[in-house]
Amino acid sequence: MLAPVFTDSQGELNKYQRQAWEAFKSLPFPDNSQEAWKRTSIRGMHLNKLQLADSHNNSKIPAELTKPLTDDLHGGEILFNGTQVTIELDEKLAKQGVVFTDLQHAQKDHPEILAKVLKASTTYSEDKFAALAAAFGSNGVLLYIPKNVIVEKPLHSLLWTSGEGKLHAFQVFVFLEENASATFVHESASAENKDSQNLHAALMDVKIGPNSKLNFVELQSLGSQDWNFTHEKVSVDQDAEVDWIFGALGSHLTKNFSDLNLVGRGSTGKMSGFFFTNGNQHLDHDTQQNHLAPNTTSDLLFKGALLGESRSVWQGMIYVAENASKTDGYQANRNLVLSEKARADSIPGLEILTDDVRCTHGATVGKLDTDQVFYLESRGIPRNEAEKLIVEGFFDPIMQRIPFEGVRKRFQNAIEQKMNEY
Amino acid sequence: MSELNIRDLKVSIEGKQILNGVNLNVKQGEVHAIMGPNGTGKSTLAYTLMGHPSYLVNSGEVTFKGQNLLDLAVDERSRLGLFLAFQYPVSIPGVTVANFLRTAVNARRKALNPEDKGIAIPEFRKLLMEKMAVLKMDSSFAGRYLNEGFSGGEKKRAEVLQMAVLQPEIAILDETDSGLDIDALRIVSEGVNLLRSQNIGVLLITHYQRMLNYIKPDVVHIMMGGTIVESGGAELALHLEEHGYDWVREKYENGVPSAS
């Protein structure tokens, strides 16, 4: 098995990574006996053959991925091409105390902020893969917004990976102080290399201070060689708000844990997800809406479409703690199974420990409606286009939640590409 | 001139024969009304002509503009100039009226010229707004998801809007009058009449005389037991309104003329 390479033995990052490495060594690999891993197997992944990613196999990032997301320029952009990093941040934002950089630079330039963020993060202890991401993830993103700072222009980071038999570990830390707001888009993508096997392990820890608001958009379009394991936690303080959007199109296999923790009174979280699988993809999203304070609101909508022999799992839980009265929780998962051999599992759940709450959920798995197809065909639209239109329509309510034309366009193209092979 | 020609059409659904030999000839510019009680095969005829996969043609033939209609796919029938206004229009969540109709217009252009890049958005918008104004539809209608949450009247109006945009040569209106109040009926009928003045042929399926007050038929057919048993002028519909179908039932048991 690999061992991590720790840099800068004095820094907080080093300390954090060593703790994570200890956690990694003591934690067992998950297996199908655990509820969360019942439907997703990691057999077939050759961990012992993996090597650390290095700079030898970086490849050029496709121009499409670095195009600005809006007509306006980015407020900042960080591009990780394997181990190579380029960082840009609007000078005005830097002067206001906004930090948007990679972890290595953060360690040198903003050690106190990095220390504050890392000390508050315990996500690495969640399980083997979370610990793996933290122990090996010597790089990643730090986004810090000081008190009373409103960032209008979107901040964008992209992790682009390549190579064969590589481990790509990555971490994202976001910290908004009081009365702050920002829009942050993080993308994971890789060069297609289907005869190979890579491991992408990521950890994301987001903290939103009182009265602050974060728009958080995540897009995953990894290649079919990638086995993708992610642990994400968003913690929302008093009267703060998160609008969290996930789009998943790629990877051979994904196991994602996304936790929304409404820790402050009056906090709100909206989670919108969509996935579209084909071939033999297997995408498993595990969501948790934790109402840990009174008067909190959560609203989750996940939509998925499946082609080929692909498989999806969505398992969602709304948890309402004893003290979290007057909460309002909602979750819905809608799946469109477009092929006989594809399969979607949808498992909603509620765990409510107090009265005076409103929690509802819904889950559906359906096929393409033949009457809808006939109706569109009767207007002269050829069948394959009719079907494409229905699938686009299925995703439209989620697309409307994505605040950038550029991102919407990219995903519409991806839907179109996948539908072309249908 | 376009002509829809139906010869001895026999059709079944789920193993049960519903149409027992329909003969009908509709020319461009003519309005034919088909009347008859429930369950006599009027909607089956409409769906079969459009090509719904649940209906199986056992025998007979249908030609449209000289082509064998039954050999064509649903979308090809539409592009050839046939239109069906649905009795129960299907809702398509997430697809706006404008996006849907632009896709339909572009499918037509592309079939004529594979290199076509599609109608320019401003040009399409102008076309759509013109047609909507005729049908007294608010411009916000274009941005709504197709038939999603539409009232009965809005759905029927949307059907006629689609017809106005796609400009078919022969249109089948399957109980387009059902669920409409008097005002909506008048507006929808005016829309149809406008197209009629542009030389469309109409096959109008209805239970009632009332739509025929607005859209004057050239020929009225009575369908019973899966065949057309009587044909006549506009006065036949008035006669039915007054006397009901009992006299037809007495004359034709299960669609077979008792006299022959």
Q. Exactly one of (1) at pLDDT 95 or above; (2) of a type in the set (Lys, Arg); (3) surrounded by fewer than 22 Cβ atoms within 10 Å (Cβ to Cβ) is unmet by A:LYS194. Its number?
A. (1)
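Of everything in segment B:126-137, what is within 24 Å of the chain's Cα centre (by Cα) and either part of a helix (DSSP H, G or I) or at negative phi (or both)? Give them in sequence order.
B:LEU127, B:LEU128, B:MET129, B:GLU130, B:LYS131, B:MET132, B:ALA133, B:VAL134, B:LEU135, B:MET137
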Q | Selected residue [more than 27 Å from A:GLY209 (Cα to Cα), in the same structural domain as A:LYS128 (by TED's automatic domain parsing), among the charged types (D, E, K, R) and out of contact with any helix residue (DSSP H, G or I) (no Cβ under 8 Å at 6 or more places or on another chain)] from A:ASP259, A:ASP328, A:ASP299, A:ASP355 | A | A:ASP355
**Q.** Unique residue being under 30 Å from A:GLY269 (Cα atoms) and of a type in the set (A, V, I, L, M) when the list is A:ILE381, A:ILE415
**A.** A:ILE415
Q. In segment B:138-147, what residues are in a helix (DSSP H, G or I) and either more than 12 Å from B:PHE100 (Cα to Cα) or touching a strand residue (DSSP E or B) at 6+ places or on another chain (Cβ under 6 Å) (or both)?
A. B:SER139, B:SER140, B:PHE141, B:GLY143
Q | Pair list, Cβ under 8 Å, 6 or more apart: segment A:395-408 residue under 19 Å from A:LEU214 (Cβ atoms) and part of a helix (DSSP H, G or I), other residue among the basic types (Lys, Arg) and at pLDDT 90 or above | A | A:ILE398/A:LYS303
Q.
Going residue by residue through segment B:110-125, is there one that turns out to be within 9 Å of another protein chain (Cβ to nearest Cβ), on the phi < 0 side of the Ramachandran plot, under 24 Å from the mean Cα position of the chain (by Cα) and without any contact (Cβ under 8 Å) to a residue 24 or more places away in the chain?
A. no
Q | Candidates B:ASP8, B:ASP75 - the one that is touching a helix residue (DSSP H, G or I) at 6+ places or on another chain (Cβ under 6 Å) and either within 14 Å of chain A (Cβ to nearest Cβ) or farther than 16 Å from A:GLU377 by Cβ (or both) | A | B:ASP75
Q) A:LEU13 passes all but one of (1) surrounded by 15 or more Cβ atoms within 10 Å (Cβ to Cβ); (2) at pLDDT below 90; which number fails? A) (2)
Q) Which number in (1) within 14 Å of chain B (Cβ to nearest Cβ); (2) within 25 Å of A:GLY279 (Cβ to Cβ) marks the one condition that A:ASN413 misses? A) (1)
(Q) Just to be sure I understand, how many residues within segment A:231-283 are within 15 Å of the chain's Cα centre (by Cα) and on the phi > 0 side of the Ramachandran plot? (A) 1
Q. Can we say B:PHE150 is part of a helix (DSSP H, G or I), at negative phi and aromatic (Phe, Trp, Tyr)?
A. no
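The values are calculated or read from the model by the stated rules, or taken from the named source; none is laboratory data. Since the model is a prediction, treat every value here as computed from it, not as a measurement. All Cβ positions, glycine included, derive from the backbone under ideal geometry; neighbour counts span all protein chains shown.
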